[in-house]
Amino acid sequence: MTERPFITSGRNTIIHKVRKLDLLVVNGEDDPPIIVTYKGIKRYEGKIPDNKRDAKMMDLELVDVTASDVFGDEKTLLFIQTLNGKEYKIDYSKSDTSMFIKIHQDSTF
């Protein structure tokens, strides 16, 4: 089994750990997907791959928050730590506002 390019911590934190693969985070059917790169996070506007194989061909790792091997249920609040040392707070209750993705902690030097 290959190692995943992210790890989970606690009940709602994802830590990105492989620079060459971006994470495409999906939180249920109704919430907008986000893409995590080594530079940061933004809302994903493209087509979501149908399966993990298609995602790999696009240099993405498809992360379904509701999958049992990740968290197992939809999250209202999600924290994502990126490779550049920043931790972002994703608040799905504010997905239509500028408060959807915010820097929670910045530990860059």
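The values are calculated or read from the model by the stated rules, or taken from the named source; none is laboratory data. It should be emphasised that the depicted structure is a prediction, and the values quoted were computed from it without experimental measurement. When we count neighbours, we look across all protein chains shown, and the Cβ atoms used for this are built from the backbone with ideal geometry, even at glycine. Side chains are part of the model used for accessible areas, which takes the heavy atoms of the whole protein and leaves out ligands, DNA and RNA. Shrake-Rupley method; radii C 1.70, N 1.55, O 1.52, S 1.80 Å.
Values for this structure:
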item: Flag for A55 being at negative phi, in a helix (DSSP H, G or I) and either among the aliphatic types (A, V, I, L, M) or under 12 Å from the mean Cα position of the chain (by Cα) (or both); result: yes
item: Residues that are in a loop (DSSP other than H, G, I, E, B), touching a residue at least 24 places away in the same chain (Cβ under 8 Å), under 16 Å from Y92 (Cβ atoms) and out of contact with any Leu (no Cβ under 6 Å at 6 or more places or on another chain), drawn from region 1-47; result: R11, N27, G28, D31, P32
item: Residue in region 69-89 that is out of contact with any Ser or Thr (no Cβ under 6 Å at 6 or more places or on another chain) and among the small types (G, A, S) present; result: yes
item: Single unsatisfied condition, I103 versus (1) more than 20 Å from T37 (Cβ to Cβ); (2) without any contact (Cβ under 8 Å) to a residue 40 or more places away in the chain; result: (1)
item: Residues satisfying the stated conditions in region 65-96, i.e. open to solvent by 60 Å² or more (accessible area, probe 1.4 Å), among the acidic types (D, E) and more than 25 Å from R19 (Cβ to Cβ); result: D73, E74, D96
item: Members of region 16-59 found to be aliphatic (A, V, I, L, M) and open to solvent by 40 Å² or more (accessible area, probe 1.4 Å), listed by number; result: V18, I48, M57, M58
item: Sole exception among (1) in a strand (DSSP E or B); (2) out of contact with any Pro (no Cβ under 8 Å at 6 or more places or on another chain); (3) open to solvent by less than 80 Å² (accessible area, probe 1.4 Å) for L62, by number; result: (2)
